[in-house]
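Just so it is clear, none of the values below were taken in a lab; they were calculated from the coordinates. Since the structure is predicted, the reported quantities are computational estimates derived from the model, not experimental observations. All Cβ positions, glycine included, derive from the backbone under ideal geometry; neighbour counts span all protein chains shown.
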Amino acid sequence: MGAVAKKKNENNRENDSDRRRVIGKDNVAEAQSDEEVYPSGVTSHSCSDSESDSDYLDSSEDGEFEGNQSPVESGAEDSDSFDDEDDDKTGNDSGLSGDEQGNSDENKSSEQPQGGEESDSSEDEVAPRNTIGNVPLEWYKDEEHIGYDITGKKLKKKERQDKLDAFLASADDSKNWRKIYDEYNDEEVELTKHEARLLKRLLKGKAPHADFDPYAPYVDWFKWDDAIHPLSNAPEPKRRFTPSKWEAKKVAKLVRAIREGRIKFDKPKEESQVYDLWAGESSSPTKKSGHLAYIPAPKPKLPGLEESYNPPPEYIPTQEEINSYQLMNEEDCPKFIPRRYTSMRNIPAYDNAVKDTFERCLDLYLCPRVRKKRLNIDPESLKPKLPSRRDLKPYPITCYLEYKGHKGAVTSISTDTSGQWIASGSSDGTVRVWEVATCRCLRIWEIGEVVKHVAWNPLPELPILAIVVGADVLVLNTGLGSEEDQKQVEELLQVGAATSLDDKTPSVSWIQDDRYRYGAIKLQHFKTVSSVEWHRKGDYLSTVMPADILYLSIVVYLSKRLTQRVPFKLHGLPVTSVFHPTRSIFFIATKKNVRVYDLLKQKLVKKLETGLREVSSIAIHPAGDNVIVGSKEGKLSWFDMDLSSQPFRTLTCHPKDITNVAFHRSYPLFASCSDDCTAYVFHGMVYSDLNQNPLIVPLEILRGHSSSNGRGILDCKFHPRQPWLFTAGADSLIKLYCH
């Protein structure tokens, strides 16, 4: 076998010399470094430092390769591609003949076994193994060898290569990352692809073999399908149901031994009668107080570093501080001044011992102690659970349109039943009618005085306006509607003989006013009128005169030219009045309360106690069972007529006076406007179930108006069909807020 190996080595050296001659002088060094092969099939590598090899392997594992390839696979692919390039370079570019190239390929294939595994065809190819066992290598550090092989020969140490040369050699070797230094045998070992994959899986904490499944499904070897009997179908033996005589004999024997005293039990250990000397009164379980609610006395303050006989230097006051203590009051002066002593023998008696004990006794005797029960309640649990605002849409959120044209503050606005037109009155003495969708001003009437209030007739076939100007109320024809509607309006606005149901002298003078284009009637009162409201039938309207004591409120029957003073005695000056939306009930709001009257029976039905400083406005829910009242202190009160005469809920929302409140006709919305230039929109759901309270949720704060002469938003009204809100401000603007 040795002769065969020697002959093979000679053939290899001849082939190498032939290939070097053909490659050329420039590629001799490269060919030598690439083609020099050990007999065991491991490529030579000049670097012998184990630390550099391990570091290089770690760096490859940490992801220093290109792309998202794993370190081992990328290294393996690089090495394979490098070998292919070497094969192409030596096979194609060298210019060898076919026979020579075939011989070199045969020699190369004989040198490198398939699969990267070691070949054991001859004894010379097997590397010598160190057989020193568990002997540490430190014992051989001063020797020229590192151990002995299997035949007993010394294994000589290899010469160490310069680290710079080793680094340059490793940079040129593409397979360097797969080489590790075996310190035990003083050689370098090249890992195969399979071994590199195993190392990679071990470093990731996985099983070495990829075929191993750590989460294999459980295999139940017993078939439980259609199993109605246990594993053993044998009947239960009789001995399981009869008492055991052997157990009875054993128990009788033990009982006999206990009675004779041959079996003795351990006596219970007596607990030592010890007690905590420093425990307080509350900690002693045997303490029995003379009364039920026993409260232990508070413990005195324990001594600290200041009371030490050798305190730290920072606790000892200087002489200047001691002198300042003498100038202080007795209450402010510290009761104890720290001092330092060399030993405990030098500590004198405490001067104030008797005094402190006496004060302690006084504190215990005179200090009252009361047991108070405190409820641990989470404050978040007290808050009402309100629905999300997204679920309560639609409601007005942002300003969509602005109606510009007035030169003074817009004091009042009103929308018609169809929602197509809106009327506004201003302090500049004009009344305007706007088209809601286009902001177009359709009509302008010059009144000449400050317009306090405007109200549109609720009937769509009667397009007339009620306007409050000083002591007069103008019933104005707007000129809108069809020809039939205009004929009906002209007949209605013809002044005849006016009568009064109260006495012979009429309380209101009916005057035909021809100054306006489409005709109007002036209802002249004796005092200044503050507001006017229409009845749901469109034939009645009520006016409020807060300055007149006799004629506080008057109801006008338009078609029959009748006027009647409200036959009720009011305690206080009225602020505003409103009709019930479905019943013959009349609401009159005074400064302190709201009075509810039945017009048919002519008696007081209910009195709502607001508890507010001064009422400013009132609005009735479309169902008629709930009322909201605004005040000049920024509070909004919700009344449930079926529940109580007291407010169901009082909301403090505005910092300034609330000027008006309004309900939506079809949506569960209500709003309030104030002089603080804001309008609050609320969700107010009223349920048909009388056992369920109304749901009130604040939704949005609408801003956009500017303050003028201390006034903000003077009036607000909802669109009759859409969830839109109109606001009239002191800045001469009318804004439309949409969802």
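Among Lys656, Lys153, what is the fewest-to-most ranking by other Cβ atoms within 10 Å?
The most exposed by this proxy come first: Lys153, Lys656.
Over 22 Å between Cα atoms, which of Lys607/Lys632; Lys569/Lys601; Lys591/Lys635; Lys163/Lys204; Lys407/Lys656 qualify?
Exceeds cut-off: Lys163/Lys204; Lys407/Lys656.
Please work out, to two decimal places, the log10 of the ratio I(q)/I(0) at q = 0.10, 0.12, 0.16, 0.20 Å⁻¹ from a Debye calculation in which every Cα of the range 538-640 carries one identical scatterer.
So the normalised log intensities are -0.26, -0.38, -0.68, -1.05.
I need the per residue convex hull volume for the range 585-661, using only the alpha carbons, in cubic angstrom as a whole number.
80
Among His621, His705, His739, what is the fewest-to-most ranking by other Cβ atoms within 10 Å?
His739, His621, His705
Using label points projected 7 Å from each Cα along Cα→Cβ, tell me how many nm separate Arg160 and Ser232, to one decimal.
Rounded to a tenth, the inter-label distance reads 7.4 nm.
Determine which lysines satisfy two conditions relative to Lys238: a Cα distance under 28 Å, and not lying fewer than 8 residues away in the same chain.
Lys238 reaches Lys249, Lys250, Lys253.
What full-extension length gain, to one decimal in nm, is calculated for Glu247 and Thr151 as 0.36 nm per residue of separation minus the Cα-Cα distance?
Length gained, Glu247 through Thr151: 27.2 nm.
Between Ile511 and Gln326, 0.36 nm times their residue separation minus their Cα-Cα distance comes to what?
Working it through step by step, the gained length comes to 57.2 nm.
Need the C-alpha centroid separation for the range 125-191 versus the range 667-693, integer Å.
91
Pop out the ³J(HN,Hα) list for the range 473-484 in order, Karplus 6.51 cos²θ - 1.76 cosθ + 1.60 with θ = phi - 60°, rounded to Hz; leave Gly and Pro as x.
Result, ordered by residue: 10, 9, 9, 10, 8, 7, x, 8, x, 7, 5, 4 Hz.
Roughly how many whole Å is it from the C-alpha centroid of the range 593-649 to that of the range 355-411?
Taking the Cα centre of each part, the range 593-649 and the range 355-411 sit 26 Å apart.
Using modelled amide H (1.01 Å from N, peptide plane; none on Pro or chain starts), what sits under 5 Å from the amide H of Gly470, excluding residues fewer than 5 places away?
Lys452
How big is the range 642-692 along each principal axis, measuring the range of its Cα positions in Å and listing the largest first?
37, 26, 12
Let's test the formula: R0 of 22 Å, r as the Cβ-Cβ distance of Ala349 and Lys299. What FRET efficiency results, to the nearest 0.05?
0.35
Mind giving me the FRET efficiency for Leu690 and Thr652? R0 is 35 Å, r the Cβ-Cβ distance, nearest 0.05 is fine.
0.80
With the radius of gyration and the Kirkwood radius both derived from the Cα set of the range 391-738, what is their ratio Rg to Rh?
Result: Rg/Rh = 0.94.
Distance between Cα centroids, the range 515-535 to the range 294-336: provide it in whole Å.
85
Take the Cβ-Cβ distance between Leu604 and Val450 as r, set R0 to 41 Å, and report the resulting FRET efficiency rounded to the nearest 0.05.
0.75
Among Leu541, Thr610, Ser645, which residue has its Cα furthest toward the positive end of the charge dipole of the range 503-645, with +1 on Lys/Arg Cβ and -1 on Asp/Glu Cβ?
Ranked along the dipole, the leading option is Leu541.
Once phi is turned into ³J(HN,Hα) by the Karplus curve 6.51 cos²θ - 1.76 cosθ + 1.60 with θ = phi - 60°, what whole-Hz value does each residue of the range 511-523 show in order, with x for glycine and proline?
With the stated coefficients, the range 511-523 comes to 10, 7, 10, 9, 6, 9, 5, 9, x, 6, 10, 10, 9 Hz.
Rank the residues Lys606, Lys404 as a footprinting-exposure proxy: fewest other Cβ atoms within 10 Å of their Cβ go first.
Lys404, Lys606
For Glu187, what residues show an amide H to amide H distance below 5 Å, using hydrogens built from the backbone and excluding near sequence neighbours?
Asp182
Stretched out fully, how many nm does the piece from Thr398 to Asp172 gain, at 0.36 nm a residue minus the Cα gap?
Stretched fully, the Thr398-Asp172 segment lengthens by 74.1 nm.
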